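Worksheet for the structure shown next.
The values are calculated or read from the model by the stated rules, or taken from the named source; none is laboratory data. Owing to the predicted nature of the structure, the values given are computational and were not obtained by experimental measurement. A quick note on method: Cβ atoms are made from the backbone with ideal geometry, for glycine too, and the neighbour counts reach across all protein chains shown. These accessible areas exclude ligands, DNA and RNA; they are computed on the full protein's heavy atoms, side chains included. Shrake-Rupley method; radii C 1.70, N 1.55, O 1.52, S 1.80 Å.
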Amino acid sequence: MAQTCAQAFIDIQRTANQLINELAQLLEFFGLTPNQYNVLRILGGAGPEGLACVEISKRMITRDSDMTRLLDRLEKQGLVRRERDTSDRRVVLAHLQEEGKRVLAELAAPLKQLHVAQAATMRELGVRLIT
């Protein structure tokens with residue numbers, strides 16, 4: 001039983017790694033990493049009020065220990081902007097810029113195609129997916 005669980009764990013890790021690698025290849029075309037895309041996705045759902053950097057970190061799929069540097073790169077690309085919260089100067093809020101919204105919109109169709117293809121491959125391998 002322990003061997004079966006250990007093998008299942010390894011298989012899950014390999015599958016996740018393969019899925020992320022395919023995503024990374026797609027995002028590379030847009031000049032993004034999976035973590036950068038994740039931040040854009042999170043901010044896209046945050047609305048115009050933006051989110052505190054700490055809150056973005058909490059919502060990340062894969063934790064990035066250096067949120068400041070990650071946001072620096074996105075800001076240099078013109079995808080996000082940051083500002084100090086007016087009520088608490090210790091808090092830095094990140095906002096999705098118009099260019100970030102455009103990139104998310106441009107990514108929507110290719111991402112959907114990728115996810116559909118990945119799900120089909122997983123079904124062919126006998127993985128039962130929740131829909």
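Asp64 meets the conditions (1) at pLDDT below 90; (2) among the acidic types (Asp, Glu); (3) under 17 Å from Leu111 (Cβ atoms) in every case but one. The failed one is (3). The residue list Leu111, Leu23, Leu51, Leu19 contains one member that is open to solvent by less than 80 Å² (accessible area, probe 1.4 Å), more than 23 Å from Ile130 (Cα to Cα) and not aromatic (Phe, Trp, Tyr), which is Leu51. All told, Leu43 meets the bar of being touching a strand residue (DSSP E or B) at 6+ places or on another chain (Cβ under 9 Å), on the phi < 0 side of the Ramachandran plot, aliphatic (A, V, I, L, M) and free of Cβ contacts under 8 Å to residues at least 60 places away in the same chain.
Just one residue in the set Val39, Val116 is part of a helix (DSSP H, G or I) and surrounded by fewer than 11 Cβ atoms within 10 Å (Cβ to Cβ); that residue is Val116.
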